[in-house]
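The values are calculated or read from the model by the stated rules, or taken from the named source; none is laboratory data. Keep in mind it's a predicted model, so treat the numbers as computed, not measured. Here Cβ is always computed from backbone atoms with ideal geometry, including for glycine, and neighbour counts include all displayed protein chains. Accessible surface is based on the protein model in full, side chains and every heavy atom, while ligands, DNA and RNA are left aside. Shrake-Rupley method; radii C 1.70, N 1.55, O 1.52, S 1.80 Å.
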Amino acid sequence: TPEEVCMGISIKRQDMSNKQEEADVIIVGQEMSTAALGYSTVHVMCDDTDVFVLLLHFYQSLNIASEIIMVPTY
């Protein structure tokens, strides 16, 4: 079960469960879902160039209004 951790509190997120195996697809899918909900800013914690390219593609082709920020995982 996916979990969201915010300020030390862990929350089970059934809405984030999926059957995909590739993390790239999961990350991009979740970001698109979040943007569709109307969040103004979405932070994506990932260093993967594939994720960046997929985000850029969908950001432009779907006219996403949210600000997307990729944050390195170090």
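What part of the accessible area of the chain, given as a whole %, is carbon or sulfur when the probe is 1.4 angstrom?
That share works out to 57 percent.
How much length is gained if the chain between Ile11 and Val25 is pulled fully straight, taking 0.36 nm per residue apart and subtracting their Cα-Cα distance, in nm to one decimal?
Numbers: separation 14, 0.36 × 14 = 5.04 nm, distance 2.22 nm.
Extra length available between Ile11 and Val25 comes to 2.8 nm.
I'd like the antiparallel share, as a percent to the nearest 5, of DSSP beta bridges with both residues in the chain. Display every interim value, and only then the final one.
Details: 4 of 9 bridges.
The antiparallel fraction comes to roughly 45 percent.
How large is the accessible surface per residue of the chain, computed with a 1.4 Å probe and reported in Å² as a whole number? Numbers along the way, then the final one.
Numbers: 5660 Å² over 74 residues.
That works out to 76 Å² per residue.
Which residue, chosen from Leu55, Ala23, Ser40, occupies the Cα position most advanced towards the positive end of the dipole of the chain, where the dipole is computed from +1 (Lys, Arg) and -1 (Asp, Glu) charges on Cβ about the Cα centre?
Ser40
So which GluC sites (Glu not before Pro) in the chain pass both tests, a DSSP loop state and at most 14 other Cβ atoms within 10 Å of the Cβ? Could you put the intermediate results ahead of the total?
On the way: sites: Glu3, Glu4, Glu21, Glu22, Glu31, Glu67; in loops: Glu21, Glu22.
Within the chain, the qualifying GluC sites (Glu not before Pro) (loop, at most 14 other Cβ atoms within 10 Å) are Glu21, Glu22.
Can you give the net charge of the other residues whose Cβ lies under 15 Å from the Cβ of Lys12, counting K and R as +1 and D and E as -1? Don't skip to the end; give the middle numbers.
Details: positive: Arg13; negative: Glu3, Glu4, Asp15.
Within the 15 Å Cβ shell, the charges total -2.
Could you tell me how many degrees, from 0 to 90 and to the nearest 10, lie between the Cα long axis of helix 23-36 and the main elongation axis, the longest principal axis, of the Cα atoms of the chain?
Taking the Cα atoms of the chain, the angle to 23-36 is about 80 degrees.
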